[in-house]
Amino acid sequence: MRSTASSWLRPALPASPAEITDPAERRAVKIELWLVFGITLGLSGVRSLLSLVDSLLRPIPLAQQQAQLNVPQAAASFLDLLKQVLSAGQLVAWGGLGLYLLWRAGVKFRDIGLTRRVKSDALRTLGLAALIGIPGLALYFLSYHLGFSLAVQPSTLGDTWWRPIALTLSAFGNAFAEEVLVIGYLLTRLRQLGVRENASLFGAAVLRGSYHLYQGFGGFVGNLVMGLVFGRFWQRTNRLWPLIAAHTLFDVVSFVGYSLLKGRLSWLP
């Protein structure tokens, strides 16, 4: 049992991609990383940190403040739907940018685990969703009731026919952007730069936690742990689809479930 656990804690030795040794190319990759995350999740992390500081400076406790995720973006229902779809599309484009840059660098989609293995990936998806989702919700409620987190409202969209569709698209957009950029793209680029696997894993996990800081300290810790588990899973299996699917499933349950249960369960924020 100890040997199995210890083998899981050790990253698998990657067969590819090869480490970049040319100084000019290494510099270009570092610039690329700063630019990609400077306009996507890295920028979100800085904004999230400022949001948390702003919340801490307010004269009311964190638990009495709200963090709203999926909010109305227009007064007219049809325009609101279009804006929700565009927001999800922007997230998918962020992930697509990471994939494109890897492809231009000669990294194939199968190298980061984007090939189709329906049966095995489905089992892994369910396992990861349960492993992260259930403890993650428990950690959030504990942190919220202890006063370390804001009252997170996954959706404040009105009761429209398209609400489940918009929330599902939002869930997929978030999952695709985060897993492709923070796992597939970032960890691959750090391998190419010769960064040690454990250091890459921790750095990516901190990044994941950073853009959830607006939710409070519980959001940071929960997503840091999620980043460590997801990152190690990818390092060991080289499978990215189960991470995207598990993240999507978890967010769909959170977004759609909250919208259906809000007002019916007194303990929901």
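Remark: spin-label model distance L137-A18 equals 4.9 nm, labels positioned 7 Å along the Cα→Cβ axis. Computed from backbone phi with θ = phi - 60° and the Karplus coefficients 6.51, -1.76 and 1.60, the 3J(HN,Hα) list for the range 164-177 is x, 5, 4, 5, 5, 5, 4, 4, 5, x, 4, 5, 5, 4 Hz; x is used for glycine and proline. Here the 3J(HN,Hα) profile of the range 238-253, calculated from phi with Karplus coefficients 6.51, -1.76 and 1.60 at θ = phi - 60°, is 6, 10, 9, 4, x, 5, 4, 5, 5, 5, 4, 4, 4, 5, 4, 4 Hz, Gly and Pro shown as x. Taking the Cα centre of the range 80-172 as reference, the dipole from Cβ charges on Lys and Arg (+1) and Asp and Glu (-1) amounts to some 500 debye.
Close amide H contacts of Q68 (hydrogens built in the peptide plane, cut-off under 5 Å, sequence separation of 5 or more or a different chain): Q153.
If you average the alpha carbon positions of the range 75-153 and of the range 193-209, how far apart do those two centres end up, in angstrom? Going from one Cα centre to the other spans 18 Å.
Evaluating 6.51 cos²θ - 1.76 cosθ + 1.60 at θ = phi - 60° for every residue in the range 256-262, the Karplus couplings come out as 5, x, 5, 5, 7, 9, 4 Hz, glycine and proline recorded as x.
What does the charge dipole of the chain about its Cα centre add up to, to the nearest 20 debye, if the Cβ of each Lys and Arg holds +1 and the Cβ of each Asp and Glu holds -1? Rounded to the nearest 20 debye, it is 620 debye. For L126 and I60, a Förster radius of 51 Å and the Cβ-Cβ distance give a FRET efficiency of 0.80, rounded to the nearest 0.05. A full extension of the chain between K119 and L261 corresponds to an added length of 47.9 nm, given 0.36 nm per residue minus the alpha carbon distance.
We did not get these values from a lab; they are worked out from the coordinates using the rules stated. These figures come from a predicted structure and were not determined experimentally. All Cβ positions, even for glycine, are placed from backbone atoms using ideal geometry, and neighbour counts span all protein chains on display.
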